[in-house]
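Every number here is computed from the coordinates shown, using simple stated rules; none is lab data. Since the model is a prediction, treat every value here as computed from it, not as a measurement. Glycine also receives a Cβ, built like all others from the backbone with ideal geometry; neighbour counts cover every protein chain displayed.
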Amino acid sequence: MLPLGGLGEIGKNMTVVEYDGRIIIVDTGLMFPTAEMHGIDLVLPDFGYLRDRKDDIEAIVLTHGHEDHVGALPYVLREIGIPPVIYGGMLTIGMVRSKLDEHKLGDKTPLQELAAGEKVRRGPFELELVHMTHSIPDMRGVLITTELGSMLMTGDYKFDQTPVDGRPADISRLAEIGREDLKGTFHIVTTGRDNIPPEGQVVDTFSYTAKPIYLPPGEKLKWTIHVSAEEN
Ligand SMILES: [Zn+2]
């Protein structure tokens with residue numbers, strides 16, 4: 001797993017998951033420039049790693065429609081090439097379609113809505129989207145399974161009982177994944193915090209913690225990375 005952006009910073013979320021020479025990309029976000037970045041319009045993740053790997057990419061999966069998760073997509077498609085498929089929830093795919101139309105890439109790009117709970121196989125990966133809640137509807141976590149085990153990338157989320165789309169996170173599926181995952185050997189969770197106020201309330205602080213946990217050789221490796229962003 002290779003984060004090309006978004007770890008320890010707010011924005012340009014983009015993660016490469018690679019197994020057996022094949023690649024799934026989760027999110028292709030941008031970062032808006034800070035006040036000191038004069039003359040800079042957008043900050044993109046450094047996706048140079050993918051430059052010669054176009055044919056190894058099985059899919060791009062988008063967790064939700066915020067710019068810090070999808071905004072770099074037109075630039076990735078132009079620089080790296082068009083992947084076989086791009087998955088996301090219905091709203092995410094709709095938002096991305098109009099973005100790609102603006103960039104004249106809409107016709108060429110295989111955007112595909114993937115319903116939460118539906119499993120698809122791409123090369124050595126099985127993919128499943130899990131419904132989560134965020135300040136935008138159709139937020140999805142991404143469960144990626146290989147013969148080594150599963151990893152869940154939750155994206156931005158929190159357990160909001162009064163979410164904007166009226167659909168609380170699929171906690172029962174998460175519990176199920178947690179139980180199944182005990183068989184797995186590799187587990188990464190990117191989590192939000194569960195003690196922040198409901199969406200809609202303005203919060204102006206950011207916080208970030210990362211905590212890898214290494215177990216002795218031969219034992220199952222388990223990482224927990226906690227990332228939380230409280231945005232307005
Ligand atoms: Zn977001």
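Phi-derived couplings, Karplus 6.51 cos²θ - 1.76 cosθ + 1.60 at θ = phi - 60°, listed residue by residue for region 129-138: 9, 10, 5, 10, 10, 7, 7, 9, x, 6 Hz, with x used for Gly and Pro. Taking other Cβ atoms within 10 Å as a rough exposure proxy, F32, F47 sort from fewest to most as F32, F47.
Here's the picture: charge each Lys and Arg Cβ at +1 and each Asp and Glu Cβ at -1 in region 1-147, and of H134, G117, H103 the one pushed furthest to the positive end of that dipole is H103.
Here the peptides 123-131, 159-167 are ranked by packing, the mean other Cβ count within 10 Å, and the order with the highest first is 123-131, 159-167.
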